[in-house]
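Read the structure below first, then the notes.
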Amino acid sequence: MKPDEKPAVKPKKNGNNGKKAAKIYELKFYLNPKNIFIGLFIVFLLFSMLGSVGTTGTPVPAEPLSTVVADAQAGKIREVDVEDTKLTVHYKDGKTVTSYKEPGESFLTLLSDAKVKPDSLIVTVKDTSTSQLWLNIISNVLPLVLMVLFFVFIFRQARGAQDNLFSFGQSKARVWNKDLPKITFTDVAGVDEAKNELEEIVDFLKSPAKYKALGARTPKGVILVGPSGTGKTLLAKAVAGEAKVPFFSIAGSEFMEMLVGVGAARVRDLFGQAKKSAPSIIFIDEIDAIGRMRSVGIMGGHDEREQTLNQILVEMDGFEPNTAVMVIAATNRGDLLDSALLRPGRFDRRIVLDLPDMEGRKAILAIHAKGKPFASGVDWDKAAKRTVGFSGADLENMLNEAAILAARGNKKEIDMKDIEEAATKVKLGPEKKRLQSDQDRKMTAYHEAGHAVVNYFSPSLDMVHRISIVSRGMALGYTLSPPEKDRLHETRSRLVEEMAMTMGGRAAEETVFKEMTSGAANDIDQATRIARFMVMEFGMSDLGPINFGPQMDVTEWGKSYMEPQQISPQMQDNIDREVKTFLDTAYRKALDILKKHRKELDRVAEALMKKETLESEEFESIMGGPKQRLTSS
């Protein structure tokens with residue numbers, strides 16, 4: 001679908017509100033102290049220039065003074081206006097000229113020396129002493145005032161820089177107070193076990209007296225561990241909304257600074273603010289940025305990070321009692337945290353958030369569907385089954401993409417087709433219209449048909465949901481077979497069938513074209529990883545139940561870190577043989593299925609070349625009926 005170039009909603013004009021805002025902004029700009037200082041400096045320069053004109057040096061006169069005196073002797077002048085050194089001469093014929101005399105010299109004395117009769121012309125002398133006095137005062141005082149303002153401005157700038165320097169030690173936590181919109185547990189779904197644990201925390205904060213009466217100690221910290229997008233931050237906000245207490249939110253990286261000791265100072269300031277607002281909650285997101293294991297043996301450490309971690313340890317469980325401040329932390333890597341941070345008395349509870357199951361996905365979709373118009377035919381059960389492996393953030397993004405697709409199609413409601421397309425887009429990326437030759441399209445069609453046909457005749461695998469040769473992301477096509485229900489265990493036979501289905505694309509290329517293409521590279525990588533897990537970690541090979549993967553080693557100080565397993569060259573050779581045996585078995589299984597059902601493979605490939613995308617109903621119709629499943633799967 002091509003994007004619509006016209007916007008669905010025209011932007012509204014601000015009108016008078018925009019003009020008022022512009023005027024206010026303009027007024028604030030002109031009242032800026034820096035701009036005022038610049039304006040005063042320009043005024044000072046102007047006054048200096050005017051003063052220099054009026055008091056020093058005479059400009060070139062328009063008319064020489066000797067000519068004016070000679071004309072006065074000849075009786076040609078009617079009136080002369082004297083203003084300091086400037087002479088405005090009015091002739092009897094109506095002409096007016098300007099001339100200048102020397103400073104301090106009297107024009108009347110000049111006329112007397114030239115023997116000009118006093119009653120032959122009118123001489124008007126204008127008194128400029130007052131204006132000259134003010135000009136002298138301004139020219140003398142204004143530089144001093146501007147100099148004082150200049151130094152005040154410099155000192156204020158220096159003081160601000162000094163304040164900024166010492167403010168490094170202040171906490172940068174954002175405070176969510178009671179006036180902000182609240183998020184409660186009704187806004188969180190898919191993590192019921194975690195909600196139940198945190199409801200006790202809320203009860204502790206609301207009524208700690210009943211727990212103290214029974215000798216129970218309020219948990220000091222709760223750490224939320226889980227993949228990104230599972231709702232760790234949302235749960236922390238819900239705890240603050242339910243408990244109705246101040247909520248201090250900060251990221252672990254915000255404690256770190258280039259100055260040594262700043263992180264520890266910020267920790268002290270953060271806990272100090274929280275204690276003043278107690279009862280309160282401190283939420284530290286991505287705590288693994290500062291809470292990682294401290295240096296072990298020859299392993300290097302980071303002094304600033306370790307000082308920050310030590311300060312957190314002291315604040316959470318030091319000599320000073322801290323019963324009214326709850327610390328909630330979130331991380332994606334709980335295995336990297338220091339053991340001293342996780343012990344009881346600091347983080348008393350460890351809550352693991354997993355990806356939501358089908359019922360959890362339905363509840364999450366119901367929350368994010370609020371405020372969006374959906375068509376009556378939307379099957380939310382199907383949408384929940386379709387989105388296995390999606391986190392809460394993925395589900396929210398999927399519904400948002402569905403709304404965008406419906407808007408681009410000028411629809412009034414979001415239908416199931418939009419949701420299906422949005423789910424595929426979130427998982428695989430947007431469609432790409434690549435230019436392909438007929439041979440490339442045919443190879444892609446048989447490749448994807450090979451995956452689907454092997455899946456159809458593998459009773460342990462889930463049914464095919466969609467087959468497409470439309471390019472998405474880096475893939476030229478795709479075959480989707482999402483689990484119909486959440487699976488907790490994997491069996492050896494099912495993993496072999498999974499590898500066979502994964503190798504079905506390469507098997508179809510060999511069966512039909514007697515050739516191999518590079519399009520199976522990702523399939524081979526995925527099958528190899530499954531086989532290696534089966535041998536090295538699941539113990540499903542003839543080597544027996546032995547784990548050859550990386551091990552968690554514990555030092556004498558109680559620190560733990562991952563180190564590779566020590567495997568002999570002979571055992572490594574045996575592991576490689578077992579991995580190859582699994583892959584060869586899966587590939588032969590795929591070849592046998594496709595050779596036996598070559599007609600079905602051709603029909604599916606031909607349908608893909610015509611329609612490009614086949615849904616599950618169309619695929620099963622081509623194959624002759626619904627897939628036969630194992631009752632125990």
Looking only at the range 205-228, count every residue that is over 16 Å from Arg350 (Cα atoms) and surrounded by fewer than 19 Cβ atoms within 10 Å (Cβ to Cβ) and tell me the total. 13
Output the helices (runs of 4 or more DSSP H) that fall wholly within the range 379-460 and possess 1 or more residues being within 21 Å of Gly229 (Cβ to Cβ), or say none. 380-386, 392-408, 416-428
Here are some residues: Ala369, Ala363. Which one is on the phi < 0 side of the Ramachandran plot, surrounded by 14 or more Cβ atoms within 10 Å (Cβ to Cβ) and either modelled with pLDDT under 85 or touching a Leu at 6+ places or on another chain (Cβ under 9 Å) (or both)? Ala369
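Condition test on Lys126, is it under 30 Å from Gln73 (Cβ atoms), at pLDDT 70 or above, surrounded by fewer than 10 Cβ atoms within 10 Å (Cβ to Cβ) and not aromatic (Phe, Trp, Tyr)? Walk me through how you get there before you give the answer.
Working: under 30 Å from Gln73 (Cβ atoms): yes; at pLDDT 70 or above: yes; surrounded by fewer than 10 Cβ atoms within 10 Å (Cβ to Cβ): no; not aromatic (Phe, Trp, Tyr): yes.
No.
I'm trying to understand the selection: among the residues of the range 196-224, which are of a type in the set (Phe, Trp, Tyr) and free of Cβ contacts under 8 Å to residues at least 12 places away in the same chain?
Initial filter on the range 196-224 (of a type in the set (Phe, Trp, Tyr)): 204, 211.
Result: Tyr211, single match.
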Among the numbered conditions (1) within 21 Å of Tyr587 (Cβ to Cβ); (2) surrounded by fewer than 19 Cβ atoms within 10 Å (Cβ to Cβ); (3) at pLDDT below 90; (4) touching a Ser or Thr at 6+ places or on another chain (Cβ under 8 Å), tell me where Thr517 comes up short. (4)
The lone condition Gly473 fails out of (1) in the same structural domain as Glu606 (by TED's automatic domain parsing); (2) at negative phi; (3) not acidic (Asp, Glu) is (2)
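The values are calculated or read from the model by the stated rules, or taken from the named source; none is laboratory data. This one's a predicted model, so the numbers in the text were calculated from it and none came from an experiment. Positions of Cβ are backbone-derived with ideal geometry, glycine not excepted, and every protein chain shown enters the neighbour counts.
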